[in-house]
Amino acid sequence: MEDVSKSQAALKGLCPRCRQGKIFKKPFYSPTGFDEMYELCPHCGLRYEIEPGYFIGAMYVSYAISGGVALVLGFLIFYLGGDPDGWVYASIIAPVMIVIAPVNFRISRVIWLHYVAGIKYIKGL
């Protein structure tokens, strides 16, 4: 089996320790269950939520992603729309935040596991 890089594993939503098992049970575009995670890695048995409240830190990552997307959209609306009224900003940015919520939820947890949690990759596991 070929080695998967850390960034490839994060993009594919794979376990940070073995880089083979999936973190989430269903795809992000699933109408229900986009947030369902495996408790343990199906391949190596790593417990994803090490302690209760472990993913609270991932909310900060999610906040940064949402803020960045809202900021970019705000600048685009400002420059392309000629600084419209506030309701225009809100009517565009709020629905986008709702639409990207499932993706943002997953990305923030994957980033938390891969880049913040300090879980080491074990080759050949």
Under 8 Å between Cβ atoms, which residue pairs at least 6 apart in sequence (or on different chains) link something in segment 100-116 that is in contact (Cβ under 8 Å) with a residue 24 or more places away in the chain with a partner that is of a type in the set (S, T, N, Q)?
I100/S66; N104/S62; N104/S66; F105/S62; I107/S62; S108/S62
Checking the condition loosely packed, with under 15 Cβ neighbours inside 10 Å, out of contact with any helix residue (DSSP H, G or I) (no Cβ under 7 Å at 6 or more places or on another chain), under 20 Å from S7 (Cα atoms) and of a type outside the set (D, E, K, R), which residue from A90, A94, A64 passes?
A64
Positions within segment 38-71 being part of a loop (DSSP other than H, G, I, E, B) and in contact with a Phe, Trp or Tyr (Cβ under 9 Å, 6 or more places away or on another chain), in sequence order:
Y38, E39, C41, Y48, E49, Y54, F55
Filtering segment 103-125 down to residues that are farther than 19 Å from D3 by Cα and either part of a loop (DSSP other than H, G, I, E, B) or of a type in the set (F, W, Y) (or both) yields F105, W112, A117, G118
Among the listed residues V99, V69, which satisfies the condition of being surrounded by 12 or more Cβ atoms within 10 Å (Cβ to Cβ), over 20 Å from P16 (Cβ atoms) and of a type outside the set (K, R)?
V69
Quickly run through segment 1-37 and pick out the residues that are surrounded by fewer than 17 Cβ atoms within 10 Å (Cβ to Cβ), assigned to a loop (DSSP other than H, G, I, E, B) and touching a Cys at 6+ places or on another chain (Cβ under 9 Å).
Q20
What are the pairs, 6+ residues apart or on separate chains, where a residue within segment 27-40 that is farther than 8 Å from P102 by Cβ has its Cβ under 9 Å from a residue that is of a type in the set (S, T, Y)?
E36/S30; M37/Y48; Y38/Y48; E39/Y48; L40/Y48
Qualifying positions in segment 1-26 - over 10 Å from Y121 (Cβ atoms) and charged (D, E, K, R)
E2, K12, K22, K25, K26
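No lab work stands behind these numbers, since they all come straight from the coordinates. This structure is a prediction, so every number in the text was calculated from the model and none was measured. Please note: Cβ atoms are built from the backbone with ideal geometry, for glycine as well, and neighbour counts cover all protein chains shown.
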